[in-house]
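Below you'll find the structure, written out as structure tokens, and then a few comments.
The values are calculated or read from the model by the stated rules, or taken from the named source; none is laboratory data. Since the model is a prediction, treat every value here as computed from it, not as a measurement. Ideal geometry is used to build each Cβ from the backbone, glycine not excepted, and the neighbour counts take in all protein chains shown. The area values use the complete protein model at the heavy-atom level, side chains included, leaving out ligands, DNA and RNA. Shrake-Rupley method; radii C 1.70, N 1.55, O 1.52, S 1.80 Å.
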Amino acid sequence: MRVLGIETSCDETGVAVYDSKGGLLAHALHSQIEIHAEYGGVVPELASRDHVRKALPLIREVFHQAQISSESIDGVAYTAGPGLVGALLVGSAIGRSLAWAWQVPAVGVHHMEGHLLAPMLEAESPGFPFIAMLVSGGHTQLVKVDGIGRYQLLGESLDDAAGEAFDKTAKLLELPYPGGPELAKLAQDGDPKRYRFPRPMTDRPGLDFSFSGLKTFALNTQQAAKREEGDPLPRQTLADIARAFEDAVVDTLMIKCRRAVRQTGVKTLVMAGGVSANRRLRECIGEMMVKEGGRAYYPRPEFCTDNGAMIAYAGWQRLRAGQSEPLQFSARPRWGMEGLEAV
Ligand code: KG4
Ligand code: ZN
């Protein structure tokens, strides 16, 4: 079975073809960074318009890459939510329409399920059950995964998502959008001993997170430094603040993952979503899981952030189980993962 996957939930147009025998045949991505950079964040209307411009050319590009034609496609998967409603509607409308034109089934995929299954695109992939830590721009969740569509939420962020905290703190440090990777880059030159940020909600039981306080802590640290060193701050001080922030997020995520692993006895951990591209986080989680006698899995960095490959794969899992949508579609900007149908 061969599935076309389309991702348009936010600021990246991603398209891919997944084949049950050949694996991932082709994938292409268009990032809207340049469009949104001057606004310092994603402008939803501009995102939708750009998805309209890019989706069909990208679909042609992956067909060309894979040397296939539309006749060989057996199903279409598109991101139906959660995300920006206008952006979701573009991918859903195109995906559903193409499936109708080609007379094949279509399925609306949950974006976070896409992220969660992305490690399965790799040669060494995790078996069920596993604990998934989803860390993206909109979500921070710990989920027990017993199978596809069998998700139990163990904990989540009560305020900002981890990626959102990275982005907001990066903005504070006057780094360009998208903040997360820029902050991580700056932190490489930071002195880990100069500042110490708190590890929120690690001193009490439970698996929920709270990251909004770290951004305030960063602001206060920055203001105190400016009083001492002047404004603008030297690059080294900014790097030291970035490093302290990154260490606090990484350490907090690691502590909660370890707690989830110990509580459930499940020794396989999957990490996915944009923030899982963070090198320090990958190292820290990997080492922790070895110490716990288990193993951590993550997608290759390019499949940590939004992409079409994870949507094609998740869609294939559902289509091959006989699930599909009627001749209508809806975008679901807010959509919980626990109510998803099991496969
Ligand atoms: O999964 P994703 O591409 O989009 C959403 O579904 O939200 O995640 C994007 C988030 C952004 O907040 C971005 O700053 C963050 O992932 N991110 C990173 C890194 N790469 C992306 N955060 C920290 N370190 C990185 N290397
Ligand atoms: Zn995402």
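Segment E283..V85, full-extension length gain: 67.8 nm, with 0.36 nm per residue of separation and the alpha-carbon distance subtracted. Its alpha carbons give segment 239-299 an Rg and a Dmax of 11.7, 38 Å. Over segment 128-298, what is the mean sequence separation of C-alpha contacts under 8 Å (at least six apart), divided by residue count, expressed as relative contact order in percent? Rounded, it is 27 percent for segment 128-298.
For R49 and R300 in one chain, what is 0.36 nm times their gap in residues minus the Cα-Cα distance, to one decimal in nm?
Values: separation 251, 0.36 × 251 = 90.36 nm, distance 2.89 nm.
Stretched out fully, the R49 to R300 stretch lengthens by 87.5 nm.
Listed by number, the DSSP H helices of the chain that run 27 Å or longer by alpha-carbon position along their axis and have mean Kyte hydropathy of at least -1.0 are 44-66, 235-264.
Working from label points 7 Å from Cα in the Cα-to-Cβ sense, the S31 to T202 distance is 2.9 nm.
Summary value for the chain: 26 percent relative contact order, contacts being C-alpha pairs under 8 angstrom separated by 6+ residues. Counting heavy atoms of the protein chains alone, E341 has an accessible area of about 120 Å² for a 1.4 Å probe. When each of the peptides 32-44, 270-282 is scored by how many other beta carbons lie within 10 Å of its residues on average, the order from highest to lowest is 270-282, 32-44. A full extension of the chain between E38 and V290 corresponds to an added length of 86.5 nm, given 0.36 nm per residue minus the alpha carbon distance. Remark: segment 230-343 carries a charge dipole of roughly 380 debye about the Cα centre, counting +1 on each Lys and Arg Cβ and -1 on each Asp and Glu Cβ. Assuming R0 = 30 Å, what is the FRET efficiency of R150 and E122, from their Cβ-Cβ distance, to the nearest 0.05? FRET efficiency, R150 to E122: 0.90.
Here D146 sits with roughly 50 square angstrom of accessible surface, probe radius 1.4 Å. Element breakdown for the chain at a 1.4 angstrom probe: carbon and sulfur atoms account for 50% of the accessible area.
Using the Cβ-Cβ distance between A321 and T216 with R0 set to 41 Å, the FRET efficiency works out to roughly 0.35.
Could you pull the accessible area for K54 with a 1.4 Å probe, rounded to 10 Å²? Surface accessible to solvent at K54 totals approximately 60 Å².
One equal scatterer on each Cα of segment 141-287, no solvent, Debye formula: the resulting log10 I(q)/I(0) at q = 0.11, 0.14, 0.15, 0.22 Å⁻¹ is -0.43, -0.66, -0.75, -1.43.
When only the heavy atoms of the protein chains count and the probe is 1.4 Å, how do R150, R227, R60, R199 rank by accessible area, highest first? Don't skip to the end; give the middle numbers.
On the way: R150 125, R227 180, R60 160, R199 40 Å².
Reading off the accessible areas and sorting them downward yields R227, R60, R150, R199.
Simple point charges give the picture: +1 on the Cβ of Lys and Arg, -1 on the Cβ of Asp and Glu, and for the chain a dipole about the Cα centre of about 700 debye. Pairwise inverse Cα distances across the chain, averaged and inverted, put the Kirkwood hydrodynamic radius at 20.6 Å.
Taking each DSSP H run with n ≥ 4 as -39500 (n - 2.57) and averaging over every residue of the chain yields -14000 deg cm²/dmol at 222 nm. Looking at the chain, the accessible area is 43 square angstrom per residue; that uses a 1.4 Å probe and ignores ligands, DNA and RNA.
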